[in-house]
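What follows is a short report on a single structure.
The values are calculated or read from the model by the stated rules, or taken from the named source; none is laboratory data. Small disclaimer: the values here were computed from a predicted structure and weren't measured. All Cβ positions, glycine included, derive from the backbone under ideal geometry; neighbour counts span all protein chains shown. Each accessible area value is taken on the protein alone, full model and side chains, heavy atoms only, with ligands, DNA and RNA left out. Shrake-Rupley method; radii C 1.70, N 1.55, O 1.52, S 1.80 Å.
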Amino acid sequence: MKELLKIQNCNKHFDGITALDNFNCEISKNEILGLIGPNGAGKSTLFNVITGFIPADSGMINFKNFNISKKTPSKINNYGISRTFQDLRLIRQMTVLENVLLAFKDQPGEHLENVFFRNNKVKKIESENKKKAMELLKNTGILNKANDLADDLSYGQQKLLSLLCCLASDAELLLLDEPIAGINPAMIEKILSIINELPKQGKSVIIIEHNMDAINKICNRVVFMDAGKKVSEGTPAEVRNDPKVIEAYLD
Ligand SMILES: Nc1ncnc2c1ncn2[C@@H]1O[C@H](COP(=O)(O)OP(=O)(O)OP(=O)(O)O)[C@@H](O)[C@H]1O
Ligand SMILES: [Mg+2]
């Protein structure tokens, strides 16, 4: 098992609330790890800490043996970690295609000189990105929505779009925060099948989900957390039958 991400002794408190309590976890290459636990367990906080959106109080996070603990979100994204948000965070007044384009790592327009001098290299990168974005939309059946505003998509399509934006940066590790919550069964199947293919493309995934059927389908390992602590870890069946997990849900 080749380790990709290692989280060691992470702690995070918010005004008296313990969101991460000496949390330890690892994920290996080509793995889909399920992160489960009750509301308020600290799952999204863990994603926020890994991706640099919220600083941990203490602890260490290594990605491919680099210490990423104190890096900015954009640096962490450049290292190869991409994420979705529970509340989507699409740019609603931009089109579907524009949302995907913005998610590419190679953004030539970000450099000031490229804003003023759009040379051939910039144009080439932009046209390559557009081609890749159109391919992503085509492969997932929403090419016909490319020029629609993100705001005009159904909620399920918005969930799909946020996954595509996460894929666009071609990160090695994807952190997906409830990617199928509140959507219809057909879209759930579509999104799960996209996620299930990722390890074959050399990618790893940590997926937060309350839908245990989905977790059983795509994860071979699950971490259960409660009150910021890792309570149980193992196959979905092992975790489901762990008395500590049953107790946590009954509390
Ligand atoms: N930015 C913040 N400021 C203050 N408190 C926060 C913040 N983010 C999270 N919390 C608190 O930390 C705890 C863990 O929240 P978190 O969102 O990580 O839980 P979760 O496991 O993702 O829950 P859910 O399944 O409901 O999404 C909660 O008590 C929450 O209210
Ligand atoms: Mg959450």
Inset, instruction - Scan the range 174-207 for residues that are in contact with a Phe, Trp or Tyr (Cβ under 7 Å, 6 or more places away or on another chain) and within 25 Å of residue 80 (Cβ to Cβ) and jot them down. - result: 175, 177
Legend entry - Failed criterion for residue 52 (all others in (1) open to solvent by less than 80 Å² (accessible area, probe 1.4 Å); (2) within 12 Å of ligand 1 (Cβ to nearest atom) hold): (2)
Inset, instruction - Keeping to the range 62-80, report how many residues are within 16 Å of ligand 1 (Cβ to nearest atom) and either acidic (Asp, Glu) or open to solvent by less than 20 Å² (accessible area, probe 1.4 Å) (or both). - result: 0
Legend entry - Where residue 18 falls short, out of the listed (1) within 16 Å of ligand 2 (Cβ to nearest atom); (2) in a loop (DSSP other than H, G, I, E, B); (3) on the phi < 0 side of the Ramachandran plot: (2)
Inset, instruction - Out of the residues in the range 43-53 that are out of contact with any Phe, Trp or Tyr (no Cβ under 9 Å at 6 or more places or on another chain) and more than 8 Å from ligand 2 (Cβ to nearest atom), state the one that is nearest to residue 27 (Cα to Cα). - result: 51
Legend entry - Residue ID - farthest from ligand 2 (Cβ to nearest atom), chosen from residues in the range 24-42 that are within 13 Å of residue 10 (Cβ to Cβ) and open to solvent by less than 30 Å² (accessible area, probe 1.4 Å): 25
Legend entry - Close pairs from the range 27-52: first touching a residue at least 60 places away in the same chain (Cβ under 8 Å), partner of a type in the set (Phe, Trp, Tyr) and within 14 Å of ligand 2 (Cβ to nearest atom), Cβ under 9 Å, at least 6 apart: 35/47; 44/85; 45/14; 47/53; 47/85
Inset, instruction - Could you please let me know if residue 90 is in a loop (DSSP other than H, G, I, E, B) and away from ligand 1 (no atom under 16 Å from the Cβ)? - result: yes
Legend entry - Matching residues, the range 54-104, being touching a residue at least 12 places away in the same chain (Cβ under 8 Å) and within 16 Å of ligand 2 (Cβ to nearest atom): 54, 83, 84, 85, 86, 88, 89
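Within the range 36-87, work out how many residues are in a strand (DSSP E or B), farther than 14 Å from residue 6 by Cβ and more than 16 Å from the chain's Cα centre (by Cα).
Taking the range 36-87 first, the residues in a strand (DSSP E or B) are 36, 58-63, 66-67, 81-83.
Cutting the leftovers down to farther than 14 Å from residue 6 by Cβ gives us 36, 58, 82-83.
Next cut, more than 16 Å from the chain's Cα centre (by Cα) only: 58.
Final tally of qualifying residues: 1.
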Legend entry - Qualifying residues in the range 172-183 (those that are in contact with a helix residue (DSSP H, G or I) (Cβ under 7 Å, 6 or more places away or on another chain) and over 13 Å from residue 195 (Cα atoms)) - the one least open to solvent (accessible area, probe 1.4 Å): 183
Legend entry - residue 11 vs. criteria polar (S, T, N, Q), at pLDDT below 95 and more than 9 Å from ligand 1 (Cβ to nearest atom): no
Legend entry - Pairs, first open to solvent by 60 Å² or more (accessible area, probe 1.4 Å) in the range 143-163, second modelled with pLDDT under 95, C-beta under 6 Å, six or more apart: 151/92
